[in-house]
Amino acid sequence: MPRDGRSFTDEELTAYLDAEADDALMQEINGALDHDRVLGERLAALRIPLDTVREALAPQRLGAPDAPDLPWVRSRSYGRVSFGGVRMAGVVAASVIAGVILGATMFRGLPPSDTPAWAEAAAAYQELYVAETLLNSEQSPEVTGNVLAGFGAAHGLSLSGLTGLEGVAFKRAQILGYEGQPLLQLAYLAGTDTPVSVCLFPVDGSDHAPQTTVLKGLSATGWVSRGVGFLVIGGRDDALTRRVADQVIATL
């Protein structure tokens, strides 16, 4: 029991663990821990089992890339907590709780280490889209045909069928640029509120089958065929991007 004779409530101890207690309460609990074994046991019972959390969120379990070794993470100092004479560095319960709540979803939002740079750039562009971007964006068939024919002729592809994909309404085609190379983007609207894009970019390397991941918080399915990289991206429904990808492959 603390020297002043009062016991701490669970709310006060939780605030202490979350580094949200005021300085006076932090100092009071720190002082009490030096002689109050029961208080140390209560704190130990309230704190998150960090080893279990670390194991559950380990990148190898989640299929996520390794976290970078950031100097500011290593050097930042917090208060020190004593549990039965054993000291643990800083109180990070709040951030760990956030990690538990977000779980694998947080890591899933990180691009895999082998994501091509052009696809990350396309994802960053798509991230800016909202439904209003496309609701009133209607392109004339002549303009669309010219855009698709120009890119298609340069890469030996017939792209006209991409304007009639099922489940998404075609809105426009445009040529963007990445590092001096043309990046073709076809924009669609799924339903009334989900922008989806099909992007094509010339690449080197062998073909590979479609793979679905998350880029910039958006569902993304990418593959390579005949020297062209393909990316279907938009929304948060993996099944949607995969269906669109399957149609693109069948059309070409």
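In table form, for the structure just shown:
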| quantity | calculated |
| --- | --- |
| Pair list, Cβ under 8 Å, 6 or more apart: the range 185-208 residue outside the structural domain of residue 236 (by TED's automatic domain parsing) and without any contact (Cβ under 8 Å) to a residue 40 or more places away in the chain, other residue part of a strand (DSSP E or B) and surrounded by 16 or more Cβ atoms within 10 Å (Cβ to Cβ) | none |
| Breaking point among (1) under 12 Å from residue 197 (Cβ atoms); (2) surrounded by 18 or more Cβ atoms within 10 Å (Cβ to Cβ), for residue 115 | (1) |
| Number of the condition not met by residue 1 [criteria: (1) of a type in the set (A, V, I, L, M); (2) more than 30 Å from residue 215 (Cα to Cα); (3) modelled with pLDDT under 80; (4) assigned to a helix (DSSP H, G or I)] | (4) |
| Top-ranked residue of the range 121-164 - restricted to ones that are buried (at least 16 other Cβ atoms within 10 Å of the Cβ) and within 27 Å of the chain's Cα centre (by Cα), ranked as nearest to residue 188 (Cα to Cα) | 134 |
| Entirely in the range 143-219, the strands (runs of 3 or more DSSP E) that have 1 or more residues that are of a type in the set (Lys, Arg) | 169-178 |
| Test for residue 13: is it buried (at least 16 other Cβ atoms within 10 Å of the Cβ) and at pLDDT below 80 | no |
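Table: residues versus (1) modelled with pLDDT of 95 or more; (2) touching a helix residue (DSSP H, G or I) at 6+ places or on another chain (Cβ under 9 Å); (3) closer than 17 Å to residue 229 by Cα.
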residue	(1), (2), (3)
111	no, yes, yes
125	no, no, yes
129	no, no, no
133	no, no, no
139	no, yes, no
148	yes, yes, yes
162	yes, yes, yes
188	yes, yes, no
198	yes, yes, yes
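Conditions tested, residue by residue: (1) within 20 Å of residue 182 (Cα to Cα); (2) of a type in the set (D, E, K, R).
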{"site": "203", "(1), (2)": "yes, no"}
{"site": "207", "(1), (2)": "yes, yes"}
{"site": "215", "(1), (2)": "no, no"}
{"site": "218", "(1), (2)": "no, no"}
{"site": "227", "(1), (2)": "yes, no"}
{"site": "230", "(1), (2)": "yes, no"}
{"site": "237", "(1), (2)": "no, yes"}
{"site": "240", "(1), (2)": "no, no"}
{"site": "246", "(1), (2)": "no, yes"}
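The values are calculated or read from the model by the stated rules, or taken from the named source; none is laboratory data. Bear in mind the structure is a predicted one, so any value in this text is a computation, not a measurement. When we count neighbours, we look across all protein chains shown, and the Cβ atoms used for this are built from the backbone with ideal geometry, even at glycine.
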